[in-house]
Amino acid sequence: MHKDSKAERIKRMNIPAVEVPEEIADRVPPGQVVTERFPILHEGEVPKYDMSTWSLRVFGEVAEEKSFSYEELLALPRTQIVCDIHCVTRWSKLDTAWEGVLFRDFLKLINVKPEGKYVMLHADNEYETNVPLEDLMGDHILLAMSFDGKPLTPKHGWPLRLVVPHLYFWKSAKWIQGIEFMKEDREGFWERNGFHNVADPFEEQRFSGEAIPIPEDEWVRKEFD
Ligand SMILES: Nc1nc2c(c(=O)[nH]1)N[C@H]1C(S)=C(S)[C@@H](COP(=O)(O)O)O[C@H]1N2
Ligand SMILES: [Mo]
């Protein structure tokens, strides 16, 4: 294993034990630290968009490929959720409030073929992450457009991000550009780079055990809101 891989460095991180108040103990997964702030983490630069040409493309195992403009997405029924989020770099943030289109409501517009069992979220900057379709059907899975009552900030994924609160937050792709339905599972960016394919924080599914080198040490350069 390369000593500079991100997965290896997170494994070595020395996190002081923080007392978690009893009222929230069952909401904080093992090895996580609760923060009030909102860390900003991503690969590459915050993208800029011309919303007159922006689109969300839906493709793969679908009867018909579709593209949605932002206006079309804004016209869909919206849902508000409050959820806890957990990043593999060990921060958790409780009671985050999001608004957007429930993924399963969005799916009413898409004719997914029966063999489309897995989803790849395609995002900027060439970020991708994979989630089984079944994991996206729940009450808390949003194509989110706003956070805390305001439109998403560019750093947190404006115009559109996924929120999958029951998995480590790298599955919650910011700046989504495409949703691909797949017959077989395929690994995304972090899944290929030493992180667990499933990523359940309560099971502490952080690493796959196969770490390969990554040049950037993102949590050291961490920015917060
Ligand atoms: N497009 C894109 N989405 C991304 C990432 C990224 O690098 N690019 N990083 C992921 C990771 S590792 C985390 S922890 C969250 C961070 O979201 P935040 O910056 O809003 O806290 O975004 C996820 N979504
Ligand atoms: Mo992360």
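The values are calculated or read from the model by the stated rules, or taken from the named source; none is laboratory data. These numbers were taken from a predicted model, which means no experiment stands behind them. For neighbour counting, all protein chains shown are included, and Cβ atoms are generated from backbone atoms with ideal geometry for every residue, glycine included.
General remarks:
- Residue check for E99: under 16 Å from Q177 (Cα atoms), among the acidic types (D, E) and within 16 Å of ligand 1 (Cβ to nearest atom): no
- Whichever residue in the range 77-112 is in contact with a helix residue (DSSP H, G or I) (Cβ under 9 Å, 6 or more places away or on another chain) and polar (S, T, N, Q) and, among such residues, is modelled with the highest pLDDT: T79
- Selection over the range 97-106 of residues that are surrounded by fewer than 18 Cβ atoms within 10 Å (Cβ to Cβ) and in a strand (DSSP E or B) gives a count of 1.
- Restricting the range 187-216 to residues that are over 19 Å from Q32 (Cα atoms) and among the acidic types (D, E), the residue that is modelled with the highest pLDDT: E187
- Subset of the range 168-185 [within 11 Å of ligand 1 (Cβ to nearest atom) and either within 21 Å of P30 (Cα to Cα) or of a type in the set (D, E, K, R) (or both)]: Y168, F169, W170, K171, S172, K174
- Leading residue by the ranking (nearest to V58 (Cα to Cα)) among those in the range 116-162 that are outside any strand (DSSP E or B) and among the small types (G, A, S): G116
- Yes/no for M137 being buried (at least 21 other Cβ atoms within 10 Å of the Cβ) and more than 12 Å from ligand 1 (Cβ to nearest atom): no
- Checked against the criterion of being charged (D, E, K, R) and at positive phi, the candidates E134, E191, E204, E115 yield just one match: E204.
- Any chance G116 is under 25 Å from F195 (Cα atoms) and more than 16 Å from ligand 2 (Cβ to nearest atom): yes
- For the range 33-85, a residue qualifies if it is assigned to a loop (DSSP other than H, G, I, E, B), within 16 Å of ligand 1 (Cβ to nearest atom) and over 22 Å from E126 (Cβ atoms), and the qualifying residues are T35, E36, R37, F38.
- Checked against the criterion of being surrounded by fewer than 21 Cβ atoms within 10 Å (Cβ to Cβ), within 15 Å of ligand 2 (Cβ to nearest atom) and of a type in the set (K, R), the candidates K155, K150, K183 yield just one match: K155.
- If only residues of the range 99-139 that are of a type in the set (S, T, N, Q) and within 17 Å of the chain's Cα centre (by Cα) are counted, the one that is nearest to K150 (Cα to Cα) is N125.
- Pairs meeting the criteria (first residue in the range 102-119 and under 13 Å from M137 (Cα atoms), second residue at pLDDT 95 or above and among the basic types (K, R), beta carbons under 8 Å, at least 6 apart or on different chains) are K117/K183; Y118/K183; Y118/R186.
- Verdict on D84 being among the acidic types (D, E) and touching an Asp or Glu at 6+ places or on another chain (Cβ under 9 Å): yes
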